[in-house]
Amino acid sequence: MNRATPRHGLSLLEVLISIFVVSIGLMSLAMLIPAGAIAINEANKSDRSGACGRAAMRQIKVARMLDPNFWTDTDNLSNGPFVIDPLGRWMEMPETFAGGLLARLGLSNVPNFDVADRVFRWQDDLSLNLPKDTELRSWVNLDDNMDAISEGHYSWFMTVTPSAAEADLPWLQKSTFAVSVVVCHGRIFNVDNEIVRSAQFLGLGLGGGTVRLGAAPVSDNVEPKKIRTNQWIMLCDATQCKWYRVVSAGAIPGSDTTLSLVGPDWHGTADAQAVIIQDVVGVYSTTVEIERNLVWSR
């Protein structure tokens, strides 16, 4: 019997199949590069917003921002929640927040835009320009060989809710506040960026829950971008102002939107007003108790 002659090399079909398999692998690997860049960018935002929030909490105490003696633009101030936003006031934002929903206060100890920009814009968002001489280390001769300046992407304001137990007391006698530092990335100082919608809890509002947002009014041509997962929204009424993180969002018939939220318990009626600001990347809340005789005395 004649044995078959052994074949050397690969056929053209085998080469083509191999190229196809390798191409799929390379395309999958290439898709991971932008996805990884997006994940790194979001991680940087979370890390920097956390640092900004912690620094803002310290600044609130150091600059005595909860001392009514330093509040300005108080004509619209009621006994309910309000916003302290000196940077917004110096950027010519109106005296009311979100179309008249809350009073927007300034501070008399923030006398000009330069001070407001230095205090309410995070200064540690550094952009490093490395020296041209690559043999120099980045920390050597900092002033002469490299510049470290703030990029200015992160700014903040705060929402304040006085204690319900002290609702009838004068402002100078109130001592307990629920404070939320709201950190924004690339904030747009435009009243159209503060979009208000009616909101209704579809449950008890414990730990957040499900909320139905009303459709935009016919006269309102400003629509927010699609609400995304992990976005922050604010819910408030005459007595409380709280921030929630979006877990999921979906449309329902009638142009309304239903949101699943996580956050603090909602007290009172199921009806509220929702404020949507696309630039918010982090919210840090705490309860501040003030000893008037020791802290705010002049």
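Worth a mention:
- Looking only at residues in the stretch 99-116 that are surrounded by 15 or more Cβ atoms within 10 Å (Cβ to Cβ) and out of contact with any helix residue (DSSP H, G or I) (no Cβ under 9 Å at 6 or more places or on another chain), the one that is farthest from residue 156 (Cα to Cα) is 101.
- Only a single criterion out of (1) outside any helix (DSSP H, G or I); (2) at pLDDT below 90 is not satisfied by residue 45, namely (1).
- Every test in (1) surrounded by fewer than 17 Cβ atoms within 10 Å (Cβ to Cβ); (2) part of a helix (DSSP H, G or I); (3) at pLDDT 90 or above is passed by residue 88 save one, and that test is (1).
- Scanning the stretch 201-214 for residues that are surrounded by fewer than 13 Cβ atoms within 10 Å (Cβ to Cβ) and at pLDDT below 85 yields 203, 204.
- First in the stretch 161-177 and over 14 Å from residue 69 (Cα atoms), second anywhere and modelled with pLDDT under 90 and surrounded by fewer than 14 Cβ atoms within 10 Å (Cβ to Cβ), Cβ under 6 Å, 6 or more apart: 176/289
- Number of the condition not met by residue 96 [criteria: (1) more than 20 Å from the chain's Cα centre (by Cα); (2) of a type in the set (Val, Ile, Thr); (3) surrounded by 16 or more Cβ atoms within 10 Å (Cβ to Cβ)]: (1)
- Filter result (modelled with pLDDT of 90 or more and in contact with a Lys or Arg (Cβ under 6 Å, 6 or more places away or on another chain)) within the stretch 97-152: 97, 106
- For the stretch 265-285, the candidate set comprises residues that are in a strand (DSSP E or B) and more than 16 Å from the chain's Cα centre (by Cα); within that set, the residue that is surrounded by the fewest Cβ atoms within 10 Å (Cβ to Cβ) is 271.
- Inspection of the stretch 241-255 identifies at least one residue that is modelled with pLDDT of 90 or more, closer than 16 Å to residue 99 by Cα, outside the structural domain of residue 67 (by TED's automatic domain parsing) and part of a strand (DSSP E or B).
- So residue 178, is it at pLDDT below 90 and either aliphatic (A, V, I, L, M) or out of contact with any Lys or Arg (no Cβ under 7 Å at 6 or more places or on another chain) (or both): no
- Residue that is surrounded by the most Cβ atoms within 10 Å (Cβ to Cβ), among those in the stretch 180-195 that are of a type in the set (Val, Ile, Thr) and more than 13 Å from the chain's Cα centre (by Cα): 195
The values are calculated or read from the model by the stated rules, or taken from the named source; none is laboratory data. Values in this document were obtained by computation on a predicted structure and should not be read as measured data. In this analysis, Cβ positions are derived from the backbone assuming ideal geometry, glycine residues included, and neighbour counts consider all displayed protein chains.
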